[in-house]
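One structure is given below, encoded as structure tokens.
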């Protein structure tokens with residue numbers, strides 16, 4: 001998912017469905033070839049089908065969105081009644 005070329009390089013990066021960042025060396029030409037798949041790291045979230053989750057810098061570093069915390073959201077219903085009781 002979300003395949004990106006490293007700028008000024010023949011290296012392709014993409015995210016697997018489990019959040020693993022992968023790198024492939026690609027050699028264009030008459031005898032097109034793809035190098036070994038190399039798993040780099042886990043991003044800590046499931047990649048989006050809609051949004052871009054990362055960028056690759058020319059030097060090979062990554063800018064990856066931070067995963068959202070797993071804290072639960074608490075919804076208080078009828079909160080105005082709680083204010084009146086105090």
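The values are calculated or read from the model by the stated rules, or taken from the named source; none is laboratory data. As the structure is a prediction and not an experimental result, all values here were calculated from the model. A quick note on method: Cβ atoms are made from the backbone with ideal geometry, for glycine too, and the neighbour counts reach across all protein chains shown.
Observations
- Only strands (runs of 3 or more DSSP E) whose full extent lies in the chain are considered here, and the ones with at least 2 residues that are exposed (fewer than 12 other Cβ atoms within 10 Å of the Cβ) are 38-42.
- Look at segment 20-39: where a residue is at negative phi and modelled with pLDDT of 85 or more and a partner is loosely packed, with under 10 Cβ neighbours inside 10 Å and in a loop (DSSP other than H, G, I, E, B), sitting 6+ places away or on another chain with Cβ atoms under 8 Å, you get 24/36; 25/36; 26/32.
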